[in-house]
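J.: This is the structure I have questions about; it appears just below.
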Amino acid sequence: MNKLWRKFYFVLVLVCLMISVAHGQDEFERVEKRIIAYLKTDADTAHNLSIKADGSWADIDYASKAETNWAPLLHLNRIKQFALQENITPTKMITALRYWLQVNPTSNNWFQNEIASPTAIGEILMLLKSSKILPPPLQDSLLVRMKQGNVEKAIGANKLDIAIHMLYRACISRDKILMDSAVNQAFMPITLNNNEGLQPDYSYRQHGPQLQIASYGQVFLTGEYKVASWLIGTSYALPAEKLKILDQYLINTYLKTIRGRYIDFNTEGRGISRNEVLDKLNITSKASKHNLLALAKQVNPNNEQILAAAEQRILQTQAPSFQVKPAHSYFYKSDYTLHTRPAYSFNVRTVSKRTIRTEAGNRENLIGKFLPDGATNIQRKGDEYFNIMPIWEWDKIPGITGRDYVVDQKTTLEWGERGVGAFIGGTTDGVYGTTVYDLNYNEVTAKKAWFFFDDEVVCLGTAINSYAKEPITTTVNQAWQKGVVKAFANDKLVEANKGFTSAAIQWVWHDSVGYYFPNKGQINLTNDEQRGSWATINANRSKNEVKGKVFKLWFNHGVDPVNQAYAYIVKPGISENEMNKVLAIKIIVNTAAMQAVAHTDLQMVQVVFYEAGSLTAEGCTITVDQPCVLLVKAIKSKNPTVSVSDPTQKLTAIRISLNLVHASITLPQGDDKGATTSFQFN
C-alpha cells in the first residue's frame, strides 16, 4: 500500500511539474507574441540594396564615438527593418549581425552602449525568433553582447530601459529566473521614493533632484505601460497598487502639463533645446497604437474616458479647454507649480538648495542657464512657445529676474548646478495657491512670489538688488507675436505693434492675454523679428537660420538697482474690450518682510511671510510666529479655512492667529516636508 501511495505521489508531482512547465512556456509565448506585435511597424526597405558584401553600409561611420546621433546605431536599426520584412534575406541579415560583433562599435555615451545597442539587438532577435534563421552560435554571441548595464544600480527610467532588454533576453532564452528578475526590475521604479524617479508629490526627477516630468518622466511612463501591456493576464502582470501610482502620475501630473497639443517647456529638462519637443501628438493612439495613451488605455480600460478627452485636446478635435477642471498643484519635491483652468495654464519653475538647475549635458541646452529662476509658462491655445527657443533672448525667459546681457550666457555646469536658496516653496488647497522664490543667483537677489486665482495670476517682486554691470530686468513674457498688440498708457489706448518704452503703461493686451501694471514701472515692449538657429542652443541640431516675430514685454530695473520692486497681473482669456474693467484684486503689501494679495470676490487672502509677523486685511488680522506661505479662504466668515506650508522644509510646527483666535499647527515631516496643511478655524 505504501509503495502504491509513493507511486501515486510521484506521478502527481510529475504531472504538476509538467503543468507548471507548460504554463510557464505558455506565458513565454503570450509575452513573445505581444512584444513582436508591438515591434512590427511598416518596414523601410530602402537600404536593402546598399548593404556591402561584408555586412556593412558605406554611409555609416563605425568609428564614431558621438554621444548623440551615434552613427553605428543606424546599422542595427537597418537590420531591424530587414527583420520586419515578410521575405527575409537570411544571408544579408546574418552577415550584418556578424559584422556588428566583429567591429563592436562603442560610444562615449554610456546610454548608447548599455541601453540603445542591447535594446536594438534584443528587438532584432525577438523578430527573428520564430524564423529560426540565425545559427545558434551567432544568437548566443548576440545574447552575450546584450549583457550591458547594471540594472540594480540604475535608477528610474534608466533602470526600466535596461530591464526591458533583459526581458528580451529572457524570452529568447526561455530563462524564467532572468524573466523574474527583469519584470521585478522593470516595475521597481513605480514607487514613491525620495531619490530619483517618481516622488511622493508625484513629480518626476532624474539626474539627481532635477525636474524631469516630460523628458525622462515620459520615457518612464511609456516604458512602464509598454511592459505592463505585454504582461496582461500573466503571472507577471503589473500589481494593482503599482498601476494606481502609474495612473496617478499620468493623469494628474503629466497630462496636466499639456495645454491643447503642447507641453509646458519647463518639463522637458535639457530637451527644451530639441525642435518639435513640445508637440505631444506623438503620444496619441492616432500616431501609433503603441504610443503612450494607447498603451495606458490598454493596461487600464477604466481610464478610457479621461484619456480619450486628453487625446481629443492633443489632436485638436476639441478645444484646449475640453473637460479641463480647475486645479492647482505645488510639487514641493521639485520646486514646480502647476495651475490649470479651462481658459489657460500658468506654471512656474524654480530651484532651491534641495534641487538642481536644468542640466546641459550631451551638448544640449547650451544657454538655458536661467531656466529655473521663476520661468513662467503661460498658455491659452498651447503653441505660444512652440519651437521659439532658437530665437529666444535667453536672459529674458518669461518670468525671470536677471542680468540683461549683450550675448546670451553659456551654461557653465553640464549636468546641473545645485540651487542655493532655502526659502522656496508653495501652498495649495488643490484649486488655488501661492508660490515663493527667494532668488540669489548670478549676483542678483530678489524676492519673487506668484498668487494664483481663477481668472488672474498676480506676480510680485521686491528687494531686487544687484551690483552687476548689466541692467537688471524682469520679463513678463516672451512668446510668438500673434495679431495686434494694444497698450493703455497715460489713459490713452495705443496700437503697440512697433513696441515702445514707457514708465506710464497701465496695461498691455496681446493674443487674448491681459497684462496689468498697477504700480507702473519702466516697461519695455517689442514685437520685432528675432533670428537664431537650433545649433545655437543644441550643438547636435541644424545651423539653418530660424526667424520670427516675438512679443517681448519686460521691466527694466536699471543698473545697480537697490530694493527695486515690480507688480503685474496676468489675466488670460480676456478680450480687448474687457481690459478696462476693475479687477477684484488688492495688492496689500510687497516688501522684503511680506508679500500679500487679496481677492475680494473670492474672499481670499494669500500671504508670503518672510519672517514672523502680522497682517491686517479684509477685516482680519493674521499673525504667524514663523516664516511661511499662507492662504486664507472665506476670510470674512466665522469659519475661515487656512492652508499653510513651510518653504524652508525645516519647521515642525507653526502658530497662527486669526483675530486673536489661535491655532498651533503640526507641519508635515519626512517625505512630505514642504507639503501644505489645511484646517478650519472655529
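The values are calculated or read from the model by the stated rules, or taken from the named source; none is laboratory data. Small disclaimer: the values here were computed from a predicted structure and weren't measured. In this analysis, Cβ positions are derived from the backbone assuming ideal geometry, glycine residues included, and neighbour counts consider all displayed protein chains.
J.: Among the residues of segment 389-441 satisfying the criterion of being among the charged types (D, E, K, R) and buried (at least 16 other Cβ atoms within 10 Å of the Cβ), which is farthest from Glu276 (Cα to Cα)?
T.: Per the stated criteria, the residue is Asp438.
J.: Could you list, in sequence order, the residues of segment 121-143 that are closer than 17 Å to Lys92 by Cα, of a type in the set (A, V, I, L, M) and part of a helix (DSSP H, G or I)?
T.: Of everything in segment 121-143, those that are closer than 17 Å to Lys92 by Cα, of a type in the set (A, V, I, L, M) and part of a helix (DSSP H, G or I) turn out to be Ile121, Ile124, Leu125, Leu127, Leu128, Leu138, Leu142.
J.: Need pairs with beta-carbon distance below 8 Å; first residue closer than 24 Å to Gln316 by Cβ and within segment 379-402, second among the acidic types (Asp, Glu) and at pLDDT 95 or above; sequence gap 6+ or separate chains.
T.: Gln379/Asp264; Arg380/Asp511; Glu384/Asp511; Phe386/Asp279; Asn387/Glu276
J.: May I ask you to verify whether Asn519 is loosely packed, with under 15 Cβ neighbours inside 10 Å, of a type outside the set (Val, Ile, Thr), part of a loop (DSSP other than H, G, I, E, B) and out of contact with any His (no Cβ under 8 Å at 6 or more places or on another chain)?
T.: yes
J.: Could you check how many residues of segment 411-424 are modelled with pLDDT of 95 or more and out of contact with any Phe, Trp or Tyr (no Cβ under 6 Å at 6 or more places or on another chain)?
T.: Counting residues in segment 411-424 that are modelled with pLDDT of 95 or more and out of contact with any Phe, Trp or Tyr (no Cβ under 6 Å at 6 or more places or on another chain) gives 7.
J.: Oh, and also: Given the options Leu246, Leu338, Leu292, Leu307, name the one that is closer than 17 Å to Ile378 by Cβ and of a type outside the set (Lys, Arg).
T.: After applying the criteria, what remains is Leu338.
J.: Sticking with this structure for a sec: Residue under question is Pro118, and the condition is that it be outside any loop (DSSP other than H, G, I, E, B) and without any contact (Cβ under 8 Å) to a residue 12 or more places away in the chain; does it hold?
T.: no
J.: Can you name the number of the only condition in (1) assigned by TED's automatic domain parsing to the domain that holds Trp480; (2) over 14 Å from Gln212 (Cα atoms) that Leu371 fails?
T.: (2)
Each row is one residue, and each column tells you yes or no for (1) farther than 19 Å from Ile162 by Cβ; (2) of a type outside the set (Asp, Glu); (3) in contact (Cβ under 8 Å) with a residue 12 or more places away in the chain.
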{"site": "Gln218", "(1), (2), (3)": "no, yes, yes"}
{"site": "Glu224", "(1), (2), (3)": "no, no, yes"}
{"site": "Ala228", "(1), (2), (3)": "no, yes, yes"}
{"site": "Gly233", "(1), (2), (3)": "yes, yes, yes"}
{"site": "Tyr236", "(1), (2), (3)": "no, yes, yes"}
{"site": "Ile245", "(1), (2), (3)": "yes, yes, yes"}
{"site": "Leu250", "(1), (2), (3)": "yes, yes, yes"}
{"site": "Ile272", "(1), (2), (3)": "yes, yes, yes"}
{"site": "Lys280", "(1), (2), (3)": "yes, yes, yes"}
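J.: Would you tally the residues in segment 320-357 being in contact (Cβ under 8 Å) with a residue 24 or more places away in the chain, small (Gly, Ala, Ser) and over 20 Å from Leu198 (Cβ atoms)? I'd like the intermediate steps shown before the answer.
T.: Keep residues of segment 320-357 that are in contact (Cβ under 8 Å) with a residue 24 or more places away in the chain, which gives 320, 326-341, 343-357.
Among the residues that remain, those that are also small (Gly, Ala, Ser) are: 327, 329, 334, 343, 345, 352.
Subset that is over 20 Å from Leu198 (Cβ atoms): 343, 345.
Within segment 320-357, residues that are in contact (Cβ under 8 Å) with a residue 24 or more places away in the chain, small (Gly, Ala, Ser) and over 20 Å from Leu198 (Cβ atoms) number 2.
J.: I've got another one for you. Out of the residues in segment 442-475 that are part of a loop (DSSP other than H, G, I, E, B) and within 27 Å of the chain's Cα centre (by Cα), state the one that is surrounded by the most Cβ atoms within 10 Å (Cβ to Cβ). First the steps, then the outcome.
T.: Taking segment 442-475 first, the residues part of a loop (DSSP other than H, G, I, E, B) are 442-443, 453-456, 467-471.
Then keep just the ones that are within 27 Å of the chain's Cα centre (by Cα); that gives 442, 453-456.
Values: Asn442: 16, Phe453: 24, Asp454: 15, Asp455: 20, Glu456: 21.
Residue satisfying both the conditions and the ranking: Phe453.
J.: Hey, can you tell me all the residues within segment 552-566 that are among the aliphatic types (A, V, I, L, M) and surrounded by fewer than 21 Cβ atoms within 10 Å (Cβ to Cβ)?
T.: Across segment 552-566, the qualifying residues are Val559, Val562.
J.: Can you name every residue in segment 64-76 that is in contact (Cβ under 8 Å) with a residue 40 or more places away in the chain and either under 21 Å from Ser542 (Cβ atoms) or small (Gly, Ala, Ser) (or both)?
T.: Ser64, Ala66, Glu67, Thr68, Asn69, Trp70, Leu73
J.: Between residues in segment 408-427 that are free of Cβ contacts under 8 Å to residues at least 40 places away in the same chain and assigned to a strand (DSSP E or B) and residues that are of a type outside the set (Ser, Thr, Tyr) and surrounded by 15 or more Cβ atoms within 10 Å (Cβ to Cβ), which pairs lie under 8 Å by C-beta distance while being six or more apart or on different chains?
T.: Final answer for the pair search is none.
J.: Return the residues of segment 57-80 that are closer than 17 Å to Ile94 by Cβ and charged (D, E, K, R); say none if nothing qualifies. If you could, list the steps in order and put the result at the bottom.
T.: As a first pass, look at segment 57-80 and keep what is closer than 17 Å to Ile94 by Cβ: 57, 75-76, 78-80.
Matches in segment 57-80: Arg78, Lys80.
J.: Against the condition within 33 Å of the chain's Cα centre (by Cα) and over 13 Å from Thr462 (Cα atoms), how does Val608 come out, does it pass?
T.: no
J.: Can I ask one more? Evaluate the following for Asp61: is it modelled with pLDDT of 95 or more, surrounded by fewer than 17 Cβ atoms within 10 Å (Cβ to Cβ) and more than 27 Å from Asn540 (Cα to Cα)? Reasoning before the result, please.
T.: On the way: modelled with pLDDT of 95 or more: yes; surrounded by fewer than 17 Cβ atoms within 10 Å (Cβ to Cβ): yes; more than 27 Å from Asn540 (Cα to Cα): no.
Spelling it out, it is not the case that Asp61 is modelled with pLDDT of 95 or more, surrounded by fewer than 17 Cβ atoms within 10 Å (Cβ to Cβ) and more than 27 Å from Asn540 (Cα to Cα).
J.: For Val607, which of the numbered conditions (1) of a type in the set (Val, Ile, Thr); (2) free of Cβ contacts under 8 Å to residues at least 60 places away in the same chain; (3) in contact with a Leu (Cβ under 8 Å, 6 or more places away or on another chain) fails to hold?
T.: For Val607, the exception is condition (2).
J.: Next up: Do we find a residue being of a type in the set (D, E, K, R) and at pLDDT below 95 anywhere in segment 178-192?
T.: No, every residue in segment 178-192 fails to be of a type in the set (D, E, K, R) and at pLDDT below 95.
J.: Another question about this same structure. Exactly one of these conditions fails for Pro561: (1) assigned to a loop (DSSP other than H, G, I, E, B); (2) touching a Lys or Arg at 6+ places or on another chain (Cβ under 7 Å). Give me its number.
T.: Only one criterion in (1) assigned to a loop (DSSP other than H, G, I, E, B); (2) touching a Lys or Arg at 6+ places or on another chain (Cβ under 7 Å) is unmet by Pro561, namely (2).
J.: Hey, another quick one. How many of the residues in segment 453-503 are in contact with a His (Cβ under 8 Å, 6 or more places away or on another chain) and basic (Lys, Arg)?
T.: Of the residues in that region, 2 qualify.
J.: Looking at Ser334, Ser321, Ser329, which is the one that is under 16 Å from the mean Cα position of the chain (by Cα) and in a loop (DSSP other than H, G, I, E, B)?
T.: On inspection, the qualifying residue turns out to be Ser334.
J.: Now a separate question. Criterion first (among the hydrophobic types (A, V, I, L, M, F, W, C) and modelled with pLDDT of 95 or more) does Val494 satisfy it?
T.: Spelling it out, it is not the case that Val494 is among the hydrophobic types (A, V, I, L, M, F, W, C) and modelled with pLDDT of 95 or more.
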